[in-house]
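In what follows, a structure is listed as structure tokens, so that the remarks can point back to it.
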Amino acid sequence: MKNGKVSYLFFTFLLLLLQIPLAGQKSHHSPEAEDKEFNASEFIIEHISDSHEWHLFTKKNGDHVSIYLPVILYSKETGLHFFSSKQLAHGHEHKGFRLETEGDYAGKIVAVDESGQILEDKIPLDFSMTKTVIGMLAAALIGLWLFLALSRSYKKTGISHPKGIQSFLEPIICFIRDDVVIPNIGYEKHEKFMPYLLSVFFFILINNLMGLIPYPPPFGANVTGNLAVTMTLALFTFFIIQINGNKHYWRDIFATPGVPFWLLPIMIPVELIGMISKPFALTVRLFANITAGHIIVMSLLALIFIFKSILVAPVSIFFVIFMDCLELLVAFLQAYVFTLLSAVFISLAVSEEHH
Amino acid sequence: MILVASNSLTTPAIGTIFWAVLIFSLFFFVLAKFAWKPILSMIKQREESIKGSLAAAEKARKDMVRLQSDNEAIIKKAREEREIILKEARDVREKLIAEAKNKAVIEAEKIVEAAKAGIEREKANALSDIRRQVTILSVEVASKLLGEKLKATGEQEKLIEKYIKDVELNSN
């Protein structure tokens, strides 16, 4: 068995070195597509970035087939605008708006005048339901459905032993409670923060897992690898800390005990930086971990197109499967880490004794 | 070309933040109210009921052990009491028998005494009677021998009484 695998891999690498071209690859491509050099970084960035459309597939003639997502714009002058992103496809203008593809405003929807000139002082606020938003919404709905069903099943079973979906989710819930929240926040106060920490854990987890499933929509959106999303979640933790911070917490920031008063002008900014660096750490950690995983998977797939050989595919797929297993771990791990750190930061703000 | 939204990789987009706040808030509030609260309370209730049941079982076990030892103690005590009661009863019986025996002996002695006394008395009476008869007979014999000399006078009677008294004094 093992020998067979090794020889198979060796054979694959051998063919890889020979770089046998994809059969019939050239003849089927349109002239432009052939001329266009494969750009791996563009390929990767496209997949991990947010977008106004959800790409389904590309036809043989090079046309993209996508779900066009709603564009919602707010402009001070003209108010709210609501239309499909199809109107903006291929650089078309609609209602005086255009989606820039290059330049300073690349990727942004801008207001343009009749001559097509960008009106720099009238950049609209973009509240579009992008790929990330739809992915996040789907994850939230799945989560809501899952846990409302779980709640109903608890009403049915009462305090008898866990059944069905309960036996899968209850250990996770109990793990969060017994190994994340109670050890940090303490038994007396844990009940207050359990709903938030459970919500944030499962929200991140479901989004992470949905991001790992490549297809079809609403799976595959890089939600937790989106800086705006991770920042929002971190800000929730931040505000929960500030709202629940007790007098010890605020005294540590504005009148750190044991520090001479003339040092306070230095200490207060330091403490404030500490206050802000916590949500920043949460934001970047989640974003970077998830995005990195997606980038690696996309890079491995890009290898197939870089080498222009179908024989790279087994190798790529092997490594992608390996990476996906790792990403599965990371999906749980990062949800856990975010929850754990949130619990730690909250505990620092609500603990009675001094550290 | 895909419609890439802003430079979204490194710049948090305001629209995404808006939607994330909205979606996560809804997710959080709905779940907090309708899912986490009942689920956590149910898990807690279950845990408490398990804890309570275990404690009750432990208590019942201890009670059983205590009851068993109590029972044994009670049985032991009862046995001891029985022994004591039996012993007492035996003692009482023996005492009663002894008493009865004593009484019977005393009674018997009394009866014997009385009988003896009666016999003595009867014997004395009989003796005195015999003596009297003998005296009378001897007097009659003597009078017959002497002839009518001492006949039917008060002196004869007095003489008999005097002899009897002498005889009685002598016999005593």
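The values are calculated or read from the model by the stated rules, or taken from the named source; none is laboratory data. Note that the structure is a prediction, hence the values are computed from the model and not measured. Cβ sites come from the backbone with ideal geometry, for glycine too, and all protein chains shown count toward neighbours.
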- Message: Any residue at all in the stretch B:12-19 that's surrounded by fewer than 16 Cβ atoms within 10 Å (Cβ to Cβ), assigned to a helix (DSSP H, G or I) and at the interface with another protein chain (Cβ under 7 Å from one of its Cβ atoms)?
- Response: yes
- Residue check: is A:ILE310 assigned to a loop (DSSP other than H, G, I, E, B) and at pLDDT below 90? yes
- Considering every residue within the stretch A:76-91, establish whether at least one is without any contact (Cβ under 8 Å) to a residue 12 or more places away in the chain, within 11 Å of another protein chain (Cβ to nearest Cβ) and under 26 Å from the mean Cα position of the chain (by Cα). no
- Task: Please work out if A:LEU88 is among the hydrophobic types (A, V, I, L, M, F, W, C), touching a helix residue (DSSP H, G or I) at 6+ places or on another chain (Cβ under 7 Å) and crowded, with 17+ Cβ neighbours inside 10 Å.
- Result: no
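Conditions tested, residue by residue: (1) more than 14 Å from chain B (Cβ to nearest Cβ); (2) in contact (Cβ under 8 Å) with a residue 24 or more places away in the chain; (3) part of a loop (DSSP other than H, G, I, E, B); (4) surrounded by 13 or more Cβ atoms within 10 Å (Cβ to Cβ).
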site	(1), (2), (3), (4)
A:VAL229	no, yes, no, yes
A:PHE238	no, yes, no, yes
A:SER277	yes, no, no, no
A:VAL297	yes, yes, no, yes
A:ALA302	yes, yes, no, yes
- Message: I'd like to know if the stretch A:100-115 contains one or more residues that are in a helix (DSSP H, G or I), at the interface with chain B (Cβ under 9 Å from one of its Cβ atoms) and under 15 Å from B:PRO12 (Cα atoms).
- Response: no
- Identify, from the list A:PHE193, A:PHE168, A:PHE202, the residue that is facing chain B (nearest Cβ under 10 Å), over 13 Å from the mean Cα position of the chain (by Cα) and among the hydrophobic types (A, V, I, L, M, F, W, C). A:PHE202
- Message: Looking only at helices (runs of 4 or more DSSP H) that lie completely in the stretch A:1-77, which have at least 2 residues being modelled with pLDDT under 80 and outside the structural domain of A:LEU99 (by TED's automatic domain parsing)?
- Response: A:2-18, A:25-28, A:31-35
- Message: I'm checking my understanding of the structure. Among residues of the stretch A:205-221 that are in a helix (DSSP H, G or I) and in contact with a Ser or Thr (Cβ under 7 Å, 6 or more places away or on another chain), which one is nearest to the other protein chains (Cβ to nearest Cβ)?
- Response: A:ASN207
- Scan the stretch A:48-65 residue by residue and report those that are within 19 Å of B:THR16 (Cβ to Cβ) and in contact with a strand residue (DSSP E or B) (Cβ under 7 Å, 6 or more places away or on another chain). A:SER49, A:SER51, A:HIS52, A:GLU53, A:TRP54, A:HIS55
- Scanning the stretch B:51-78 residue by residue, those farther than 30 Å from A:SER160 by Cα and among the hydroxyl-bearing types (Ser, Thr, Tyr) turn out to be B:SER69
- Task: Could you tell me whether the stretch A:333-351 includes any residue that is crowded, with 16+ Cβ neighbours inside 10 Å, of a type in the set (Gly, Ala, Ser), assigned by TED's automatic domain parsing to the domain that holds A:PHE175 and under 22 Å from A:GLU46 (Cβ atoms)?
- Result: no
- Within the bounds of the stretch A:130-146, is there any residue that is over 22 Å from A:THR230 (Cα atoms) and β-branched (Val, Ile, Thr)? no
- Item | Condition met for A:ASP126 (crowded, with 17+ Cβ neighbours inside 10 Å and not polar (S, T, N, Q)) | yes
- Task: Could you pull out the residue among A:THR256, A:THR224 that is part of a loop (DSSP other than H, G, I, E, B), more than 11 Å from chain B (Cβ to nearest Cβ) and not aromatic (Phe, Trp, Tyr)?
- Result: A:THR256
- Query: What tally of residues in the stretch A:43-61 results from selecting those that are within 11 Å of chain B (Cβ to nearest Cβ) and surrounded by fewer than 14 Cβ atoms within 10 Å (Cβ to Cβ)?
  - Reply: 1
- Note on the structure: Per the filter on the stretch A:139-160, residues at negative phi and either within 7 Å of another protein chain (Cβ to nearest Cβ) or not in a helix (DSSP H, G or I) (or both) are A:ALA140, A:GLY143, A:LEU144, A:PHE147, A:LEU148, A:LEU150, A:SER151, A:TYR154, A:LYS155, A:ILE159, A:SER160
